[in-house]
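Peer 1: Mind looking over this structure? Questions follow.
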Amino acid sequence: MSNLKIANHNPGRKLFSSKIATVVVWVTTVIWTIPTLGLLVTSFKGDKDIVNEPWWVSLFNPKFTLSSYKGVLFGGDSESLSTGILPYFINSIAITLPATIFPIVIATMAAYALAWIRFRGSDFIFFFIFALQIVPLQMSLIPLLLLFTGGAHIGSVTVFPALGIAGDFAGIWLPHTMFALPLAIYLLHNFIASLPRDLMEAAHVDGANHFKVFRMIVLPLSIPGIAAIAIFQFLWVWNDLLVALTFASGTEEVAPINSKLASLVGQYGSGYTQLSAGAFITIAVPLIVFFSLQRYFVRGLLAGSVK
Amino acid sequence: MSEFISTTIPKFTSVFSSIGLFFLVLAVLFAIAGRANGKKARPIALVIFLAPALILLFAGLIIPAIRTLLFSFMNPDSNGWVGFDNYYWMTQDPNIRTIMVNTILWILVVPIFTAALGLLLAIMLDRIKHESIPKSLLFMPMAISFVGASIIFKFVYEYNEPDEVQIGLLSTIVKFLGATPSDWMLSKPLNTFLLMIIYVWTQMGFGMVILSAAIKAVPSDIVEASSLDGASGWRLFRNITFPMIKGTFIVVLATGVVGALKVFDIVRTMTGGNFSTNVLANEMYSQVFVQFDTGKGSALAIVLFLLVTPILVFNIQSLRKERAHS
């Protein structure tokens, strides 16, 4: 600790004086925050002001209204969004919860098996799953969609029946679960494999089987790792566009808010007010997660960056 | 409103019953398999723990990837072989040439800017008090989806006719500087760079945070010793600090290259790939879901895979090395 202090007081270490650094950092921070602030202010402007008055003018001339939010949440005159965006928001929740829980549970189980139920070939399987991280999403979209709509056939023999879940919530949960596994298993394996060996052995000596060890020891001790990865997965699914466009039809029955929002872009006039309010509603959820669970969030994002 | 409630309740019912069923099945499996003892206990446990993941990986990644490879040698409807036609088409089609030029621009500009800016801010954050506030505000855009970020910048890039009030920040600044604003999304090649700014805006925080951690991990006695030897400022950074964080810096660069290669949401939301801004991932989507040409779409997916793989392999390896050291 004393070393650190000396180094910090030593002018030699400084590439920039701390005054310049403070100015540069804060100026960059302001520049970085302005676009989001602009969206927030715009979303509280009325229909007329939105196209006639820049948001920084409105900031000093406040006549803020919730009309954009009312319009976008509950619908109104606009044809593109007659029912409002609320059903899509609900869809996002309905997609994201299972698409986070399923892969994390399945990955934790697999990671435990690969780390603590040793068998011949477990290293190979672990490496194989690890290597699957390189397969981009785009490689499996088409065949997976065909599988969901038409099943799998070899010649005229049906190997696998059509699941009939295309355009259903399950049809979005499943691809998200599949695509999340390689990274989640890899990261959780790192975490679970580093749990103390003595603890596992003691439990087995006491007569606990693998299921008990998993529930009573591995799960509770892995919570920090699981939380970080779960937050990463939650955000990934909430913010996803490609999987949603491919597997969810654009309807209010299943389409998530992010893909609905993407389809609203390009509509002007009254669509514009809805766009700003809709965008803010969409990004509010990740931002709340970000500011309330920042430590896990950063850890999860850094770990997941290779995806 | 009542209609909203009547459509929402079934959605939540299906979500929570699915989650409930999922855990119920697991609990039953655990309970039944937990009773097995003796020689069979271990293999049974192994199957229950590992089989779900392996089945999903085979059905969701391995078999589809192989099928995509096969589709790339087939016609649009995937019922006849066409050899390398879909790949030959890429070398001939002028649109693909634009896409390749754009892709090269993306992988040259985006990683350098995200990594360099991230490094600069990481160094400066190390120098200031109360770094946590600017740090989290600079990192915040990473929480925002590319669609959300695109809409945020749609308002920044908004353009009105010259005689009207400009409500976009960019147009206003340009006008303030005495130039004439134009319809930014239509002005090539500037539009591609404006799209890149959106990407850099969201992803810079990633480089900043991990480089910041790497800088803090440089042992202070090394820095101290070399500054006693007379090294200072730029020389100290170049000779001592940077070599020690070089590995992290390269990982940030490589992550930027992979992200730039896969970029899809921003281009699709902002321009739909029009006005010479198209990129590989967006063209792949359009070929499959707009042109209904599974063959060309699959071939584009394979090209994407081939471009991404070497960088990802490198990246995963260096990340693993770094973890082993820390």
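Peer 1: Label point 7 Å out from B:LEU29 along Cα-to-Cβ: which residues of the range A:111-126 have amide N under 14 Å?
Peer 2: Hits in the range A:111-126 for B:LEU29 at 14 Å: A:111-114.
Peer 1: Still on this structure, please answer the following. Sorted by mean Cβ packing within 10 Å, highest first, what order do the peptides B:105-116, B:6-17, A:30-41 take?
Peer 2: Numbers: B:105-116: 19.8, B:6-17: 13.7, A:30-41: 17.6.
For the peptides B:105-116, B:6-17, A:30-41, the packing ranking is B:105-116, A:30-41, B:6-17.
Peer 1: Along Cα→Cβ, 7 Å out, is where each label goes; now give me the distance between the ones at B:PHE58 and B:LEU228 in nm to one decimal.
Peer 2: Distance between label points: 6.3 nm.
Peer 1: Sticking with this structure for a sec: Using only the Cα atoms of the range B:129-274, what do you get for the radius of gyration and for Dmax, in Å?
Peer 2: My reading of the Cα-based Rg and Dmax gives 20.1, 63 Å.
Peer 1: A follow-up question, please. Loop-only check: which trypsin sites (Lys or Arg not before Pro) in the range B:84-141 are DSSP coil with at most 14 other Cβ within 10 angstrom?
Peer 2: Details: sites: B:ARG97, B:ARG127, B:LYS129, B:LYS135; in loops: B:ARG127, B:LYS129.
Passing sites in the range B:84-141 are B:LYS129.
Peer 1: If I take R0 = 45 Å and measure r between the Cβ atoms of A:LYS70 and B:VAL47 in this structure, what FRET efficiency does the formula 1/(1 + (r/R0)^6) give, to the nearest 0.05?
Peer 2: Details: r = 54 Å, r/R0 = 1.20.
With R0 = 45 Å, the Cβ-Cβ based efficiency is 0.25.
Peer 1: Estimate the FRET efficiency between A:SER122 and A:ILE93 by the formula 1/(1 + (r/R0)^6), using the beta-carbon distance for r and 41 Å for R0, to the nearest 0.05. Mind dumping the intermediate values first?
Peer 2: Values: r = 37 Å, r/R0 = 0.90.
Computed FRET efficiency for A:SER122 and A:ILE93 comes out at 0.65.
Peer 1: Which of the peptides A:180-190, A:58-68, A:214-224, A:279-289 is most tightly packed, and how do the rest follow, judged by the mean count of other Cβ atoms within 10 Å per residue? List each step's numbers first, then the result.
Peer 2: Working: A:180-190: 23.9, A:58-68: 13.4, A:214-224: 15.5, A:279-289: 20.7.
Listed from highest to lowest mean packing, they are A:180-190, A:279-289, A:214-224, A:58-68.
Peer 1: Name the lysines eligible as straight-distance cross-link partners of A:LYS45: C-alpha to C-alpha under 23 Å, and not fewer than 8 places from it in the same chain.
Peer 2: A:LYS63, A:LYS70, A:LYS260, B:LYS154
Peer 1: Please label the shape of the range A:86-304 as rounded, prolate or oblate, based on the square roots a ≥ b ≥ c of the eigenvalues of the alpha-carbon gyration tensor (a/c under 1.5 means rounded; beyond that, a/b larger than b/c means prolate, else oblate).
Peer 2: On the way: a/c = 2.61, a/b = 1.46, b/c = 1.79.
Judged from the Cα gyration tensor, the range A:86-304 comes out oblate (a/c at least 1.5, b/c at or above a/b).
Peer 1: Shifting gears a bit: So if R0 is 41 Å, what FRET efficiency would B:VAL101 and A:ILE20 give, r being the distance between their Cβ atoms, rounded to the nearest 0.05? Mind dumping the intermediate values first?
Peer 2: Working: r = 38 Å, r/R0 = 0.93.
Result of the calculation: an efficiency of 0.60.
Peer 1: Need one value for B:130-140: mean number of C-beta atoms belonging to other chains within 10 Å of its residues' C-beta atoms. List each step's numbers first, then the result.
Peer 2: Details: counts 3, 3, 1, 3, 9, 4, 6, 7, 6, 6, 10.
Rounded to a whole number, the mean comes out at 5.
Peer 1: Roughly how crowded by other chains is peptide B:307-319, in terms of the mean Cβ count from those chains within 10 Å of each of its Cβ atoms? Intermediate values should be presented prior to the final figure.
Peer 2: On the way: counts 1, 5, 4, 1, 1, 7, 3, 0, 4, 7, 0, 0, 4.
That average works out to 3.
Peer 1: Tell me whether the range B:2-82 comes out rounded, prolate or oblate; compute the Cα gyration tensor, take square roots of the eigenvalues as a ≥ b ≥ c, and use a/c under 1.5 as the rounded threshold. Display every interim value, and only then the final one.
Peer 2: Working: a/c = 5.78, a/b = 1.18, b/c = 4.90.
Oblate, because a/c is 1.5 or more while a/b does not exceed b/c.
Peer 1: Please identify the chymotrypsin sites (Phe, Trp or Tyr not before Pro) of the range B:65-95 that satisfy two criteria: DSSP loop assignment and at most 15 other Cβ atoms within 10 Å. Which are they? Please report the intermediate quantities before stating the final value.
Peer 2: Working: sites: B:PHE71, B:PHE73, B:TRP81, B:PHE84, B:TYR87, B:TYR88, B:TRP89; in loops: B:PHE73, B:PHE84.
Of the chymotrypsin sites (Phe, Trp or Tyr not before Pro), the ones in loops of the range B:65-95 whose Cβ has at most 15 other Cβ atoms within 10 Å are B:PHE84.
Peer 1: Related question: Roughly how many Å is it from the Cα centre of the range B:1-79 to that of the range A:103-129, as a whole number?
Peer 2: 16 Å
Peer 1: Given Cβ point charges of +1 (Lys, Arg) and -1 (Asp, Glu) and nothing else, what value in debye, to the nearest 20, does the dipole of the range A:86-304 about its Cα centre take?
Peer 2: On the way: 8 positive and 8 negative charges, 69 e Å.
With only Lys, Arg, Asp and Glu charged at Cβ, the dipole is about 320 debye.
The numbers here are math on the coordinates, done by the rules we state, and not lab data. The model shown is predicted, which means the values in this text are computed figures rather than measured ones. Heads up, the Cβs are rebuilt from the backbone with ideal geometry, glycines too, and the neighbour counts pull from every protein chain shown.
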